[in-house]
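Participant: I have a structure here, written as structure tokens, and I will follow up with some questions on it.
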Amino acid sequence: MARIHSVNASARCSDPKAQIGSGCLQAGHGLVGDAHAGLSEREVSLLGIESVWRVNHEQGINAGPGSFAENLTTEGLDLLSLRLGDRLQVGEQALLEVVQIGKPPSDSHTYNYQGVSILPREGVFCRVLRGGPVAAGDNIAVLGGRTMRVACLIDNSVEPRSRYWGEHGLSFLLEVESQRLLLDTGASATILGHNLALRQVSPRDLHAVALSHGHRDHTGGLGLLLQAHPRLPLYAHPAVCEPRYSKRGDETHEIGMPPEIIAQVAQGELHTSRGPQEIVPGVWTTGEIVDRPEPEGRGAGHLVRRDGRMLPDPYIDDLSLVLRTERGLTLLCGCCHAGLLNTLEQVRRNFGAYPRVIAGGTHLVGSDAAGIAHVIARLQEIGVEALYPNHCTGQAAYVALATALGDSVHPCPAGTVLEV
Ligand SMILES: [Fe+2]
Ligand SMILES: [Fe+2]
């Protein structure tokens, strides 16, 4: 059985950590009294004593537990075999979740012991899901992580011979342990109601809804849910209700959230943030994609009305969902107007790794062949394992992705169910 070799803390981030024998892990904070607690999602750092012994031998130094600024020095646990989302039972009560393995080279890490720094390479970072005491000698066990079921509820196409109805819109149903959530609601109450019933889910069964952006093909079904469940928690960007339009020639159409639904939302429970929001454990919004060096997923003639003026829509409300399970990260996209590659970089920055699986609308529909080839090349570099593009991906992009990436690309019509 693996165990805690040492518990270590320091009053300042720049100090080596001293062995304190025992301490208290606090949920959402870290090791009570330690300088690194409460600073970020990387609440607690772990390093194997085997790594310390090895580097002492290799470098001729005499580091001890805490010398490399880890909070918990473990013994008998292969930390680098852990995966994001794995959960660790520490002692009788405390439960940790792995949120980052090592540190990317771009993250600053200045701490070293006699010029040697191994935490970025061999350390593991966790957050505290459930608090409790921790002491040297306590057992530490890998529980494995959670899995989630993701069903494509609404898409432009439906599974052959299925009873799902299709429309130009998107909605995913997530089942996370006993909780059910939606990403987006499709374009209409009719389709959403029909397809939810096929999955034997009523609006009152839903725990929350995340909105990828304000476009009507993603928000038009929301009224059905709020009628049945007015306080249904909603998660979105603060600009999700801005009026949006599509201009073609002389004609301008409203394509934002329908006004009657905006009125319902105003009476409800809307959680908005420009930063990532955790909806239930393991399910996050990406937050606003601020850095966009790569092409965006723009639609011709998309406008937003702001301060009485019509402007090209900057799609600042566009976000995606990140699911962290025992199998790694999954990215669920609505329309990805911020650009798929920009969104992937945001995931890596905020969640420590690129997603293993990508599903949803990738808005490559307006991209030319060179643009699609650029995205494919980057996906190959990143090593995405499975892609389920649908909705606004576009036929040409889907064919190009499937041709280049082969068996890792799958259709994702309404009725598709993924276990991630
Ligand atoms: Fe959209
Ligand atoms: Fe869309």
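The values are calculated or read from the model by the stated rules, or taken from the named source; none is laboratory data. If you're wondering where the values come from, they're calculated on a predicted model, not measured in any experiment. No Cβ is skipped: glycine too gets one built from the backbone with ideal geometry, and neighbour counts run over all protein chains shown.
Participant: Is it the case, given these coordinates, that SER320 is of a type in the set (S, T, N, Q), crowded, with 22+ Cβ neighbours inside 10 Å and within 23 Å of GLY301 (Cβ to Cβ)?
Facilitator: Numbers: of a type in the set (S, T, N, Q): yes; crowded, with 22+ Cβ neighbours inside 10 Å: yes; within 23 Å of GLY301 (Cβ to Cβ): no.
Considered against the rule, which asks whether it is of a type in the set (S, T, N, Q), crowded, with 22+ Cβ neighbours inside 10 Å and within 23 Å of GLY301 (Cβ to Cβ), SER320 comes out as no.
Participant: Still on this structure: Here are GLY360, GLY287, GLY366: which of them is part of a loop (DSSP other than H, G, I, E, B), within 16 Å of ligand 2 (Cβ to nearest atom) and in the same structural domain as HIS168 (by TED's automatic domain parsing)?
Facilitator: Values: GLY360 fails: part of a loop (DSSP other than H, G, I, E, B); GLY287 fails: within 16 Å of ligand 2 (Cβ to nearest atom).
Result: GLY366 is the single residue among GLY360, GLY287, GLY366 that is part of a loop (DSSP other than H, G, I, E, B), within 16 Å of ligand 2 (Cβ to nearest atom) and in the same structural domain as HIS168 (by TED's automatic domain parsing).
Yes or no, residue by residue, for (1) within 28 Å of the chain's Cα centre (by Cα); (2) farther than 20 Å from LEU79 by Cα; (3) β-branched (Val, Ile, Thr):
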site	(1), (2), (3)
MET1	no, no, no
ILE4	no, no, yes
VAL7	no, no, yes
HIS29	yes, yes, no
ASP34	yes, yes, no
LEU47	yes, no, no
VAL52	no, no, yes
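Participant: Within the range 272-281, does at least one residue satisfy the condition of being in contact with an Asp or Glu (Cβ under 6 Å, 6 or more places away or on another chain), under 18 Å from LEU206 (Cα atoms) and of a type outside the set (S, T, N, Q)?
Facilitator: So the first thing to find is which residues in the range 272-281 are in contact with an Asp or Glu (Cβ under 6 Å, 6 or more places away or on another chain), and the list is 274.
Next cut, under 18 Å from LEU206 (Cα atoms) only: none.
Checking the range 272-281: not a single residue is in contact with an Asp or Glu (Cβ under 6 Å, 6 or more places away or on another chain), under 18 Å from LEU206 (Cα atoms) and of a type outside the set (S, T, N, Q).
Participant: Further question on the same structure: Answer with yes or no whether ALA402 is more than 19 Å from CYS335 (Cβ to Cβ) and either surrounded by fewer than 15 Cβ atoms within 10 Å (Cβ to Cβ) or at pLDDT below 95 (or both). Give the steps one after another, and end with the answer.
Facilitator: Values: more than 19 Å from CYS335 (Cβ to Cβ): yes; either surrounded by fewer than 15 Cβ atoms within 10 Å (Cβ to Cβ) or at pLDDT below 95 (or both): no.
Here the answer is no, as ALA402 does not meet what is asked.
Participant: Is it the case, given these coordinates, that CYS336 is within 20 Å of the chain's Cα centre (by Cα), part of a loop (DSSP other than H, G, I, E, B), on the phi > 0 side of the Ramachandran plot and not aliphatic (A, V, I, L, M)? I'd like the intermediate steps shown before the answer.
Facilitator: Working: within 20 Å of the chain's Cα centre (by Cα): yes; part of a loop (DSSP other than H, G, I, E, B): yes; on the phi > 0 side of the Ramachandran plot: yes; not aliphatic (A, V, I, L, M): yes.
Taking the combined requirement at face value, the residue satisfies it.
Participant: Additional query: Need at least 3 residues that are within 16 Å of ligand 2 (Cβ to nearest atom) and modelled with pLDDT of 95 or more per element, so show me which strands (runs of 3 or more DSSP E) inside the range 146-211 make the cut, counting only ones lying wholly within it. Break it down into steps so the answer makes sense when it comes.
Facilitator: Values: elements: 148-154, 171-176, 179-183, 206-210.
By residue number, 148-154.
Participant: Name the residues in the range 99-128 that are at pLDDT 90 or above and not aromatic (Phe, Trp, Tyr), would you? Explain how you work it out, then say what you get.
Facilitator: Taking the range 99-128 and keeping what is at pLDDT 90 or above, we get 122-128.
Selection gives GLU122, GLY123, VAL124, CYS126, ARG127, VAL128.
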